[in-house]
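Some notes on the structure that comes next.
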Amino acid sequence: MVQSLLLFDMTFWLYLAAFALYVGYILARRPGRELAPAGHPTSGMGESDDGWSAQIGQVATIVTAFGLVVNSVALLARAYERMQISGTFAPWSNQYEAMAYVSWAIILGYLVLEFRYRIKSVGAFVVGIGFIAMGAASLLPYRYQTAEPLVPALNSYWIYIHVSVTLTSYAAFAMAGGLGVMYLLKERAERLGRRSSFFAALPDLETIDELGYKAIMVGFPLLAFGVILGAMWANYAWGGYWSWDPKETWSLIVFLIYGAYVHARMTRGWEGRRAAIYAIFGFLMVIFCFWGVNFLLSGLHAYA
Amino acid sequence: MDGKSPVVVESQASQRAAPGLGWSEIKAELAGFFASIKLAMFLFIILALTATIGTVIQQGDRPEVYIEEYGEETYRWFLRLGFTDVYHTWWFSSLLTLLCINSLTCFYKRFPAIWRSMRQDKVGVALPFIQGMKHTAEIPVAGSKEGVAEGIVQLLAEKGYRVLAKNDRQGVNLYATKGILGRVGAHMAHLSATIIVLGGFIGSYWGFQEFGVCLEGETYHIPKGQFDLRVDKFWIDYYENGAVQSYNSTLTVIDEGRPVTTKTITVNDPLVYKGVWFYQSSYGDAWDQVEMARLSVMDKETDAVLETVDLEWQKEADLRKLGLKLTVTDFVADFGFNSIEKRVYSKTVEHANPAIRLALTERQSLQATPWIFYHYPGLFDIAGSKYRFELVGYKPRKFTGLQITKDPGVKMVWTGSTMIVVGITLSSFIYHRRLWAKVIPSNAGVIVHLGGTTHKSEIDFQKEFRKMTERIRTINA
């Protein structure tokens with residue numbers, strides 16, 4: 001137990017360091033071009049860095065990747081500890097582990113994004129959420145952090161797939177939320193005509209908007225799949241695929257909220273600022289579904 | 001007959017021409033409304049909001065609970081609006097039905113066009129159409145128009161596009177498309193909504209859900225299943241630290257007097273017979289039976305314990321030394337007395353005030369049936385007896401809580417679920433892209449006019465489009 005808790009702690013500090021480095025990277029970065037007007041993507045997708053910023057950026061990526069490795073090892077260690085005490089290994093069997101897993105998924109998603117689109121400045125926002133998630137987990141009381149044996153209802157192979165899929169969708173929505181915040185900051189700076197290098201260092205608005213949309217398009221099918229898997233599990237464990245338990249209902253609410261978003265994107269005027277605000281709102285609802293329901297509402301999912 | 005039909009057609013045509021009056025206008029207007037994305041968004045948000053009510057206000061509780069928490073007037077409003085059972089109100093069902101109508105109308109209105117464009121699409125387009133597209137490029141290439149067109153076709157085919165070509169007076173027209181499956185997926189998801197909701201309605205009309213408290217060794221009739229169920233065994237497994245790991249019941253189905261199938265069920269692993277599912281739902285201590293009761297027999301005068309015996313349920317024990325015969329005949333977990341019917345009953349299922357009833361025979365002459373209370377020893381004196389009895393402890397009989405469910409709609413729900421997951425995944429990751437190209441001869445070779453649109457995922461498409469432009473520029477033909 002001690003080993004995994006130590007590793008989770010280490011993960012937290014690494015993500016914090018990575019977050020600080022990404023902020024430093026943006027501050028050190030001199031924009032290669034003049035600020036592009038809204039809605040007009042600059043010709044190059046990637047960022048051109050020089051001197052200091054490039055080095056900070058590289059260190060940030062390395063620290064993040066190292067954090068991800070430590071996070072993975074921590075989850076594996078926890079899986080091993082679980083195996084020892086109860087014969088099941090899912091390292092997402094309580095609130096604390098679930099948070100650690102969500103952080104892992106967020107950071108993994110971010111690194112994929114960084115390597116694919118060569119945009120580092122997103123890190124300040126997305127790695128930031130990963131570090132907050134890890135931090136919030138460590139604020140949980142100790143008894144929530146340790147690996148207790150599973151109650152009978154959870155003791156099933158469904159926990160491996162239902163929980164991990166659902167949590168991965170949360171991670172995707174977290175990324176979309178982070179990108180939404182980024183969009184609003186940059187959009188505000190542009191609207192007010194500020195020419196600070198910080199905002200200019202961020203990718204252009206259309207790219208941020210599109211990436212946010214993409215994150216939701218990853219999260220949305222995953223959430224649908226996660227909810228359906230939950231229904232299938234419930235059909236085996238609770239005697240019915242749907243019982244309007246608060247967690248179930250809130251997952252449906254989140255699904256409906258993003259369903260509205262996905263449809264809204266098809267209509268004019270629902271990209272950019274509005275979409276960013278909506279993505280942040282959606283993420284807040286996800287947080288409620290993930291945390292609020294467990295602590296404020298009682299129900300069948302009240303295991304944590 | 002034949003002579004008259006043109007007249008009929010004409011009159012229909014003139015009716016159709018009347019603005020805003022004919023059936024077809026109303027139909028188009030209605031279809032437009034019901035298929036609209038605005039209605040979909042409205043329904044999503046309204047459903048999300050109303051679903052929230054049921055998570056804030058407790059559902060299906062007793063009236064007292066609501067009155068205590070919200071007051072009587074508010075509770076009356078809750079009843080009027082159905083807030084104590086939101087998900088089964090007429091208005092919530094109506095919203096779901098409306099969502100189904102919405103998605104079905106959308107399918108009806110938009111899918112045929114997608115179906116058509118899967119089979120054929122417009123190849124030859126005008127130049128301004130290409131130039132006016134979001135992604136557009138003019139690429140001068142050295143070579144003949146046939147050669148360059150050939151090169152572009154090859155390039156697009158390599159990228160997985162389906163390419164159509166057509167010659168006209170100006171040059172070669174090309175049309176390429178990829179990823180229409182994404183749009184098919186979206187409509188698959190639209191259809192799935194109705195299938196899931198229908199499955200749900202079927203389940204709630206023709207299905208049932210019951211809860212059975214069953215004791216080991218007993219046989220129960222399942223009226224809705226037309227067969228019997230015997231509980232052979234019930235037991236609990238523990239972890240090393242004492243926490244419950246699982247609880248299990250061995251059940252045997254008896255159909256027409258013969259045992260048909262036996263299965264040990266546990267949480268997460270039910271028994272299914274003739275569409276009826278038996279779930280291990282809970283367990284607990286029975287409130288009207290014990291397995292064994294431990295009784296101390298004491299001398300009334302000296303208060304000394306003469307003997308302590310373990311009495312099995314409804315089995316006579318003979319204490320020769322004391323000249324006593326004892327039987328535990330009844331048990332209640334929470335003693336209550338109905339003074340009108342003169343009947344003892346258990347007020348709750350909790351073991352709050354347990355008591356046993358003893359049938360005793362002392363020295364062949366004295367007979368009595370006293371109640372012995374676990375928490376209040378010596379409450380009642382047995383007149384004429386030498387002894388006093390104390391209930392020291394008891395081993396409650398465990399009951400197994402079985403949930404008995406039948407849901408004929410569940411297969412439909414799974415069909416819809418598969419469709420919604422596959423549909424949403426397809427529509428999220430595959431995006432419909434279309435490219436048009438015109439290869440027009442110029443002074444130094446040809447000019448390729450390339451234009452493209454995408455259903456979504458603009459950045460990826462922008463990247464792809466730029467790369468494609470570069471590769472067309474370097475075609476050697």
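Out of all the residues in the stretch B:199-245, which are within 28 Å of the chain's Cα centre (by Cα), hydrophobic (A, V, I, L, M, F, W, C) and more than 14 Å from every other protein chain (Cβ to nearest Cβ)? B:W206, B:V213, B:C214, B:I222, B:F227, B:L229, listed by residue number. Inspection of the stretch B:97-113 identifies at least one residue that is free of Cβ contacts under 8 Å to residues at least 24 places away in the same chain and within 26 Å of A:H263 (Cβ to Cβ).
For the stretch B:344-379, filtering for residues that are among the charged types (D, E, K, R) and within 24 Å of B:K395 (Cα to Cα) leaves 3. Taking the condition of a type in the set (A, V, I, L, M, F, W, C) and under 30 Å from B:V123 (Cβ atoms), does B:V184 pass? Answer is yes for this residue.
Among the residues of the stretch B:291-307, at least one is closer than 23 Å to B:Y394 by Cβ, in contact (Cβ under 8 Å) with a residue 12 or more places away in the chain, assigned to a loop (DSSP other than H, G, I, E, B) and not aliphatic (A, V, I, L, M).
Collect the residues in the stretch A:201-251 that are touching a residue at least 60 places away in the same chain (Cβ under 8 Å), outside any helix (DSSP H, G or I) and facing chain B (nearest Cβ under 9 Å), keeping them in residue-number order. Hit for the stretch A:201-251 is A:W238, nothing else.
Scanning the stretch B:49-66 for residues that are within 12 Å of another protein chain (Cβ to nearest Cβ) and either part of a helix (DSSP H, G or I) or modelled with pLDDT of 90 or more (or both) turns up B:L49, B:T50, B:A51, B:T52, B:I53, B:G54, B:T55, B:V56.
Here is the figure for the stretch B:384-421: residues that are of a type in the set (G, A, S), more than 14 Å from chain A (Cβ to nearest Cβ) and either part of a loop (DSSP other than H, G, I, E, B) or within 30 Å of B:G275 (Cβ to Cβ) (or both) total 2.
Against the list (1) part of a helix (DSSP H, G or I); (2) more than 8 Å from chain B (Cβ to nearest Cβ), the condition A:W270 fails is (1).
Answer yes or no as to whether B:S346 is closer than 28 Å to B:N248 by Cβ and among the hydroxyl-bearing types (S, T, Y). Show your work before the answer.
Working: closer than 28 Å to B:N248 by Cβ: yes; among the hydroxyl-bearing types (S, T, Y): yes.
Against the criterion (closer than 28 Å to B:N248 by Cβ and among the hydroxyl-bearing types (S, T, Y)), B:S346 qualifies.
Evaluation of B:M419 against the conditions (1) crowded, with 16+ Cβ neighbours inside 10 Å; (2) in contact with a strand residue (DSSP E or B) (Cβ under 7 Å, 6 or more places away or on another chain) shows that the sole unmet condition is (2).
Residues in the stretch B:459-470 that are within 21 Å of A:R265 (Cα to Cα) and touching a residue at least 60 places away in the same chain (Cβ under 8 Å): B:F461, B:Q462.
The set of residues from the stretch B:422-448 being over 24 Å from B:R183 (Cα atoms) and either within 14 Å of chain A (Cβ to nearest Cβ) or surrounded by 21 or more Cβ atoms within 10 Å (Cβ to Cβ) (or both) comprises B:K438, B:V439, B:V446, B:V448. When the stretch B:89-129 is limited to residues that are surrounded by fewer than 13 Cβ atoms within 10 Å (Cβ to Cβ) and under 21 Å from the mean Cα position of the chain (by Cα), the one that is farthest from B:R434 (Cα to Cα) turns out to be B:W90. If the condition is being at negative phi and outside any strand (DSSP E or B), then the stretch B:357-383 contributes B:S365, B:T369, B:P370, B:Y374, B:H375, B:Y376, B:P377, B:L379, B:F380, B:D381, B:I382, B:A383.
For the stretch B:173-206, which positions are among the small types (G, A, S), buried (at least 17 other Cβ atoms within 10 Å of the Cβ) and closer than 17 Å to A:G239 by Cα? Scanning the stretch B:173-206 gives B:G199, B:G200, B:G203. Residues that are at the interface with another protein chain (Cβ under 9 Å from one of its Cβ atoms) and either free of Cβ contacts under 8 Å to residues at least 40 places away in the same chain or surrounded by fewer than 19 Cβ atoms within 10 Å (Cβ to Cβ) (or both) were ranked within the stretch B:246-283; the one that is farthest from the chain's Cα centre (by Cα) is B:S246.
If I go through the stretch B:217-245 residue by residue, how many of them are basic (K, R), within 29 Å of A:S156 (Cα to Cα) and surrounded by fewer than 17 Cβ atoms within 10 Å (Cβ to Cβ)?
Qualifying residue count, the stretch B:217-245: 1.
In the stretch A:140-158 there is no residue that is under 30 Å from B:T266 (Cβ atoms), crowded, with 19+ Cβ neighbours inside 10 Å and of a type in the set (D, E).
A Cβ distance below 6 Å, combined with a sequence gap of six or more or placement on separate chains, defines the contacts here; from the stretch B:67-87, residues that are within 14 Å of another protein chain (Cβ to nearest Cβ) reach residues that are of a type outside the set (D, E) and surrounded by fewer than 12 Cβ atoms within 10 Å (Cβ to Cβ) in the pairs B:D85/B:G60.
Given the options A:G259, A:G282, name the one that is in a helix (DSSP H, G or I), more than 9 Å from chain B (Cβ to nearest Cβ) and within 28 Å of A:V126 (Cα to Cα).
On the way: A:G259 fails: more than 9 Å from chain B (Cβ to nearest Cβ).
Result of the check over A:G259, A:G282: A:G282.
Look through the stretch B:28-48, keep the residues that are surrounded by 18 or more Cβ atoms within 10 Å (Cβ to Cβ) and over 22 Å from the mean Cα position of the chain (by Cα), and return whichever of them is farthest from the other protein chains (Cβ to nearest Cβ). Here the answer is B:F34.
From the list B:P377, B:P396, which residue is closer than 28 Å to B:E350 by Cα and within 42 Å of the chain's Cα centre (by Cα)? On inspection, the qualifying residue turns out to be B:P396.
Could you count how many residues in the stretch A:113-154 are within 14 Å of another protein chain (Cβ to nearest Cβ) and without any contact (Cβ under 8 Å) to a residue 24 or more places away in the chain?
Looking only at that region, the number is 3.
The values are calculated or read from the model by the stated rules, or taken from the named source; none is laboratory data. Computed from a predicted model, the values in this text were never measured in an experiment. In this analysis, Cβ positions are derived from the backbone assuming ideal geometry, glycine residues included, and neighbour counts consider all displayed protein chains.
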